[in-house]
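No lab work stands behind these numbers, since they all come straight from the coordinates. Here the structure is a predicted model, which means the values were calculated and not measured. Cβ atoms come from the backbone with ideal geometry, glycine included; neighbour counts cover every protein chain shown.
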Amino acid sequence: MIGLLAHDALLVALPIMVLGIVLAPVAVRTGRREWIPIAYSALYTNFLLVTIATVAMIVALVTHDFSVSYVAQVGSRATPLFYTVISLWGALEGSILFWAWVLALYGTVVVWLNRNRPGNLIPYTALALLAVSLFFGILLVGPANPFHPVFPVPLDGPGPNPLLQNHILMGVHPPLLYLGYVGMTVPFAFAVGAMLSGEVTGDAWIKLSHRWTLLSWAFLSAAIIAGMWWSYEVLGWGGYWAWDPVENASFLPWLTATAYLHSMILQERRGMLRLWNVNLVVGTFVLTVLGTFLTRSGIISSVHAFTVGVIGYYFLAFIAVVLIAALVMVAGNSDRLRTSGKMDSAASRESVFLLNNLFLTAFMFTVLIGTLFPLVAEAIRGVKVSVGAPFFNRMSLPLIVMLLFLMGVGPALPWRSATAAEMRSKLLPPFIGALLFCAGALVAGARSFYGVVAFSFVGYAAVANLREYWIGMRARRQAHGEGWATALFLLMRSNQRRFGGYLAHLGLLLVALGIAGSSSFRKEREATMKPGDTLTVAGQTIRLKGVWGREEVQRSVVGATLEVLKNGRVVGVIEPHMNYYPTSDQPVPTPQVRSTIGGDLYLTLMAFDPNGANATIRAIVQPLVSWIWFGGGIVVLGAIIGMIPARRRSNGALADTDLVPDLGAIAAEAAP
Amino acid sequence: MKRNTLLVSAALLAALTGRAGAQAVGASVAPVAQQAAADSVLEARTNAVATQLRCPVCQGVSIQDSPAELAQQMRDLVREQLRTGKSPDEVKAYFVSKYGEWILLQPRASGFNILIYALPVLAVVGGLVVVVVAMRRWTKPPENPSI
Amino acid sequence: MNWKRSLIAAVAAVPLIMLFAWGFTRDPGTIPSPLPGHAAPLFALDVFAPGQPPLSRPVGDTVRLADLRGQVVVLNFWASWCLACRDEHVVLSTTARRYAERPVHFLGVLYNDRPAAGVAWIAEMGGQSYPSMQDPGARTAIDYGLYGVPETFFIDGSGRVAYKQLGPASEVLLAHIVDSLIAVLPQHPTAPATKSGS
């Protein structure tokens, strides 16, 4: 019953969305502007209907209504409630429903907040949002229909994929990912709205979409970090990033979105890079569509690949339409968007932003080529090749190192131009940080060229960004006599974007440190142990206490108990285990990690002998891993701070000088 | 009692995966792994080769990182071949002769594959040229001073 | 709106879309094997499951591929934990029995499994007409470029791998390949008509 209700709701949503898609441009063209709110209502109504369907699905999952096909596919009476609820996004059809809901939510809020704005930007933005929603709506009543009636109704189901029941982060990573990934539809919709309405030559669409871009970027950053954390804790090889095609799919739009966050500032301040910004925004969305196409079409095999059906063809059609429409619109508007551009000097923050965009785009390009190359090579040579971590690590390290360096130079240089003295006073002090970190890395044993360079640049950028805080706080104390904490708070309050950005930089530097530390100084050993045996890795000693088995509601577990010893005393107990699910003959190895600020002790149960209570344990010691997760949190915090609406002074002027368009410069450039 | 039943069921489950009984039955499962080399130089060389070879039964992970049994057995084979004096290239060539180029985690830089290494470099170089040219144009003083 | 530029840009997208469309025409999961057409890797493996007369061999006997030169060899890799192997088990067993008098050897190789489990599985499946060997360390499996079970290799009379079958083999396929390989066997005056002993 509930399945039929939900399916009907989704069916009804389709003609409503079509109505909105037709009404919006017609209303603008014919001047019948009273139709525009009706077009907006199509968005709101779709949100209501998709919400009904989503709630219905959650209810069906929780009540184990196996007459609904999706529940019969992923549900099970034995699965704990938490995993039952999050199985909403565990398999393909449910994840499409969740995507449609997040998209409808974004579309509704965005349009509703801007519903009273005169002009044609919002109507065309709504059109773009409706068009994308329509595609997912079609999927939901067609190939991705999760509400197929199942008859005869089974008594129980197989439960979610075992890998997806193993860790609570499975409840965190996908929602964050969808909020970020799908959120990139919003700036895209604004860009389309701007191009169709002709407002693309102005900055209004950027101003309106900026906060949404930052929000989506924050979610996407958090999602990538959460995904890394999940795979680290669950997959058992002690790594957190394998350059798997779907990991790359989430990373590609992040790269272009990060570039856009910087180049957008250049457009707001100097009116530069208009065409480039449109390209970045549209490109980010196209990359999200590409990413979801690769995941769901089955043409590339990957850890994330959903089971494949005819839905791949729908996504092929979607990406074809999106790609061609995007190219047509951007190329067609390219004349209008060309600006002559004006810079004062190469020794300025502007040029650093240009280089930032260059390296981020080159990085995106490299990862894209690497991801698609197996497909291309097979098409042209007929031979299957692999492009894996060694390639990506090798090609991206130089780019990452350059970006780390730029992260230190950008905040230090002023806008417009810097004198030689200014450059000296701003760019030299952070070198102390570089030297310290370089020395530290060498002393700790790092020997790879890029490893040491990366550490040095992290030190450089850290000092540069921290110095900006310090300089600002010191100035406030001298001017207003504030205490340090007050100075910090008010400094950030009056320059949200800038200091939020520096905080995000610092977060990224922590992530970089965590990655550099865990890869440069990783030590591992594997041994078969009897109870009482000890194993020592990089100064950490563990002792096997025993092998055990236990039954849980939805799985059987075989594990080993290991004690962590320090100076002969037991300081911790770690129990890596293997989870056996009834639906799979391969167990899910569940490593356990003991994390401290300094590093992680990561234990995996590789094999065991139930008779002699032997266990083969792989122990990995990786320093600084927790800094990755912590740094990710700081990045998100920085983004949130940047999103806070800017304070305005009593005369209405913006308090954050970074946000004030450099009208003098723009006027000078516009003059013939 | 209950715990024995659990251990028995665990044993059955273990049999399903074929992992258990490394000591119990003797002959069959990877005896070489247990002589996990005290020779750390050999180990380092094995790691260097193993990180370049793809685990055939996993998704894109190297045989160095993969916990899969076949991956561990391939690692043992790599170690043994290195110990008997083969060069890393010869070891890799052996695996390529069995599994095809696919087994290498980065394509050999020859022929068509050169594109994957060249294009990113060209992109950076080309991009730098574009940025430098653009910056030059943008920092040039205006030719006609504004009235 | 510069339509000319739009058209050029749109055309630029076409090769990419065609590439994706082409991507649907093949399976990303299968790895083409370089072995067919080349000499089959030699092995010397010990029997752990004897099979049934007239094809049986004693447990502990060493089977060498080199000794089987001049005859067709069907080499099947399997495991007791492999669900798909169950599909082809009966087919392999009955076909082997049917071809007992022909110059073809059916051999099983256990992959990443305990021999005791293999024996139990054979008993559960009602017996296996031909012998199976164990492969310590999966050396032979790796030699044959194995990446899953079941995989079946068809080796011709001159010791070359003629064909590799991924997944369960059907009766029709088995018969077809074995027949065609027998038909091109070099006519050897000393080629045994039956395969008792080695």
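What FRET efficiency comes out for the pair residue C:17/residue A:5, r = Cβ-Cβ distance, R0 = 51 Å, nearest 0.05?
Calculated value: 0.85.
Give me A:188, A:373, A:630, A:82 sorted ascending by neighbouring Cβ count inside 10 Å, so fewest comes first.
Ascending number of Cβ neighbours within 10 Å: A:82, A:630, A:373, A:188.
What is segment B:36-106 by shape, rounded, prolate or oblate, if you read a ≥ b ≥ c off the alpha carbon gyration tensor as root eigenvalues and call it rounded for a/c under 1.5, prolate for a/b larger than b/c, and oblate otherwise?
It comes out oblate by the Cα gyration axes.
If the only charges are +1 at each Lys and Arg Cβ and -1 at each Asp and Glu Cβ, what is the size of the charge dipole of chain A around the Cα centre, to the nearest 20 debye?
1760
For residue A:207, give me every one of the lysines with a C-alpha distance below 30 angstrom, ignoring sequence neighbours fewer than eight places off in its own chain.
A:342, B:140
I'd like to compare B:119-128, A:156-165: which one has the highest average count of other Cβ atoms within 10 Å, and what's the full order after that?
Top to bottom by mean Cβ count within 10 Å: A:156-165, B:119-128.
Quote the Stokes-Einstein diffusion coefficient, in whole µm² s⁻¹, for segment A:1-160, based on the Kirkwood radius over alpha carbon pairs, a temperature of 25 °C and a viscosity of 0.890 mPa s.
The Stokes-Einstein estimate is 151 µm²/s.
Work out the length of the dipole vector of chain C about its Cα centre, built from +1 on the beta-carbon of each Lys and Arg and -1 on the beta-carbon of each Asp and Glu, and round it to the nearest 20 debye.
560
Would you work out if chain A is rounded, prolate or oblate? Take a ≥ b ≥ c from the square roots of the eigenvalues of the alpha-carbon gyration tensor; rounded if a/c is under 1.5, else prolate when a/b is larger than b/c, oblate otherwise. Show your work: numbers first, answer last.
Values: a/c = 1.95, a/b = 1.11, b/c = 1.76.
Note, shape of chain A comes out oblate.
Could you line up C:85, B:55 from fewest to most neighbouring Cβ atoms inside 10 Å?
Listed from fewest to most nearby Cβ atoms, that is C:85, B:55.
Quick one: grab the alpha carbon gyration tensor of segment C:44-183, order the square roots of its eigenvalues as a ≥ b ≥ c, and give me rounded if a/c is under 1.5, else prolate or oblate depending on whether a/b is larger than b/c.
Rounded shape, in that the Cα axes give a/c under 1.5.
If the cut-off is 17 Å between C-alpha atoms, which lysines fall inside it for residue A:545, apart from same-chain ones fewer than 8 positions away?
By straight Cα distance, residue A:545 reaches A:530, A:566.
Name the helices (complete DSSP H segments) of chain A with a Cα length along the long axis of 24 Å or more and a Kyte-Doolittle mean of at least 0.5, or state none.
Details: long enough: A:2-30 (42 Å, 1.93); A:36-62 (40 Å, 1.97); A:92-113 (32 Å, 1.68); A:121-141 (30 Å, 2.39); A:204-234 (45 Å, 0.69); A:245-270 (37 Å, -0.02); A:274-297 (34 Å, 1.01); A:311-337 (38 Å, 1.71); A:349-381 (45 Å, 1.26); A:389-412 (34 Å, 1.47); A:449-480 (46 Å, 0.24); A:496-520 (35 Å, 0.73); A:625-643 (28 Å, 1.91).
Span-like helices here: A:2-30, A:36-62, A:92-113, A:121-141, A:204-234, A:274-297, A:311-337, A:349-381, A:389-412, A:496-520, A:625-643.
First obtain the Kirkwood hydrodynamic radius of segment A:492-556 from its Cα pairs, then insert it into the Stokes-Einstein equation at 25 °C and 0.890 mPa s, and state the resulting D in µm² per second as a whole number. Intermediate values should be presented prior to the final figure.
Details: Rh = 16.7 Å.
Here the translational diffusion coefficient equals 147 µm²/s.
Which residues among segment A:143-164 fall inside the zone where the amide N is under 19 Å from a point 7 Å beyond the Cα of residue A:317, along Cα→Cβ?
A:143-146
Using only helices, what value at 222 nm comes out for chain A when you add -39,500 (n - 2.57) per DSSP H run of length 4 or more and divide by the total residues, to the nearest 500 deg cm²/dmol?
Value at 222 nm, helices only: -21500 deg cm²/dmol.
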